[in-house]
Structure formats: structure tokens, C-alpha cells
Amino acid sequence: MAKLTLYFGPGACSLVPHIALEEAGVAFEPKPLALRKGQQRSPEYLALNPEGKVPLLLVDGRPLTENVAIAVYLAKSFPAAKLLPMGDPEAEAQAISLLSWCASGVHTRIGPFFGPQRLCDLPDSADNVKKLAGEDTAKNFALIEKQLSGKQWALGDQWSIIDAYFFVFWRWANFLKIDVSAYSNYAKHAAKMAERPSVKRALARETEASAALEKAA
Ligand SMILES: N[C@@H](CCC(=O)N[C@@H](CS)C(=O)NCC(=O)O)C(=O)O
């Protein structure tokens, strides 16, 4: 089996593969980075991922970036964990469609709340950027709410890595104090996610890592 190393930022979108690794019960080396301190831009890290972002999975030392690619790699490497549908081409493609939308449609719209000046650095523009990000995020959350309607998980009865992605956005929305009161299916989904042992383990590791990174110089 390949040696796996996961670089993650506590609370960041790297929680998606972090939960997936726990769900698959796979041994891996966790490498937390303090994103607020800019550790993702250190020369050592940029040599592994020139984009300076998490997640990064090292597979026997070879870097694999991008949540969607890491999800597909983990799902195919550990089929027993059923992280994504496998076998039926249409079901596989539908899952990748939803996963890609999480990465390119949802993440990119809620992300500007964390750094509005990265999108527009005109004076006094931050509130406008956040207003637009909020409108798009509300539309995206309404779509997630619909996706979860009448279902146990994002794809139906079977949990998938897409559920981890939905959970990350929910946590961000709560951290950002975005009003989520309109999304009852999504709230129930998040509550069920929080009870999953894989999620508890990943969150415990991220909380511990966060405290250690804060303490370190
Ligand atoms: N498209 C990438 C996005 C990765 C991404 O934006 N990661 C954020 C954390 S959620 C990051 O590393 N930010 C640090 C920075 O931009 O300096 C993926 O899906 O893996």
C-alpha cells in the first residue's frame, strides 16, 4: 500500500480528504499547516504544491492536489469505503458532477468571505464583495437543501465524500455567521455528519493541530 501524507489546514477544505481517509480507515501521516501564518507559502511547501494551497496528498512522496482529484484517488484506492459510486458510468459521472460543483461552484463563492480583498482591492469594496458572495452562497445552499431533500445523504442512502464537502461549507457558514435558518435538510445533514465517528476523529485531530500551531512561534 502507498504511504499517504495529508497536508491540511485546520478547518479548511482539506477537511474533505481528511474525513475520507478516516472513513476509509487508512493509515496516513497528518501534516497540519497554519494557513493564517502563511505556512502554505513556505519554499518547502511550494516545492510540493506551487499553488500554495491545501489539501495536498503525497502518495509515496508524489504530490496530488485538488480536492476532486484526491477524492477520486481515494475512492478508487479504497473501494470498500464506498467514498464514491463505482461501476455504473452514469452514477460515477453524476457524483463527479456534484463534487466538481462543490469545488468550482460553491467553494469559490463562499471563499471570498475569508479574503474579499483578493477579489477586489478597490477602497471600501470588501462589503460589496461579501454581499455578492452571500447572494451566490444563498443560491448554492438552496441547491444543497434541494439535493438533500428526501435523502439520507447527498447521493441517497449511501454516504459519500460529497457529504464531507457539504459539511465543510456548513461549518464555514456557521463560523461566518451566515443565516442558515432556511435550510432544514442541510441542518439535519450536518447534525448527522457531526455524529459520524470518522468526522469526530478528523475534527479532533484538526482541533488539536490548530491549538499546537497557534502555540508554535
Ligand atoms: N481548488 C482547490 C482549492 C483549494 C483551496 O482554495 N484551499 C484553501 C483552503 S480552503 C487554501 O489552501 N488557502 C490558502 C491560500 O490561498 O493561501 C481544491 O479544491 O483543492
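The values are calculated or read from the model by the stated rules, or taken from the named source; none is laboratory data. Note that the structure is a prediction, hence the values are computed from the model and not measured. Glycine also receives a Cβ, built like all others from the backbone with ideal geometry; neighbour counts cover every protein chain displayed. Ligands, DNA and RNA are stripped out before the accessible areas are found, and what is left, the full protein with its side chains, is counted by its heavy atoms. Shrake-Rupley method; radii C 1.70, N 1.55, O 1.52, S 1.80 Å.
Within the stretch 49-60, the set of residues being more than 11 Å from the ligand (Cβ to nearest atom) and open to solvent by 50 Å² or more (accessible area, probe 1.4 Å) comprises Pro50, Asp60. Taken over the stretch 1-31, the criterion of being more than 26 Å from Arg109 (Cβ to Cβ) and either of a type in the set (Phe, Trp, Tyr) or in a strand (DSSP E or B) (or both) is satisfied by Leu4, Thr5, Phe28, Glu29, Pro30, Lys31. Taking the stretch 102-217 as the region of interest, the helices (runs of 4 or more DSSP H) fully inside it that hold 3 or more residues being open to solvent by less than 40 Å² (accessible area, probe 1.4 Å) are 126-147, 161-175, 184-195, 197-215. The set of residues from the stretch 34-48 being open to solvent by less than 20 Å² (accessible area, probe 1.4 Å) and near the ligand (Cβ under 9 Å from one of its atoms) comprises Gly38, Gln40. May I ask you to verify whether Ala27 is farther than 16 Å from Ala12 by Cβ and within 10 Å of the ligand (Cβ to nearest atom)? So Ala27 fails the test. Checking each residue in the stretch 1-24 for being away from the ligand (no atom under 13 Å from the Cβ) and of a type outside the set (A, V, I, L, M) picks out Lys3, Thr5, Glu22, Glu23. In this structure, Leu35 does not qualify as in contact with a strand residue (DSSP E or B) (Cβ under 6 Å, 6 or more places away or on another chain), of a type outside the set (D, E, K, R) and at pLDDT 95 or above. Residues that are within 11 Å of the ligand (Cβ to nearest atom), free of Cβ contacts under 8 Å to residues at least 40 places away in the same chain and not assigned by TED's automatic domain parsing to the domain that holds Trp153 within the stretch 70-124 are absent altogether. How many residues does the stretch 1-43 contain that are basic (Lys, Arg) and either in contact (Cβ under 8 Å) with a residue 24 or more places away in the chain or closer than 25 Å to Lys82 by Cβ (or both)? The number of residues fulfilling the criteria is 3.
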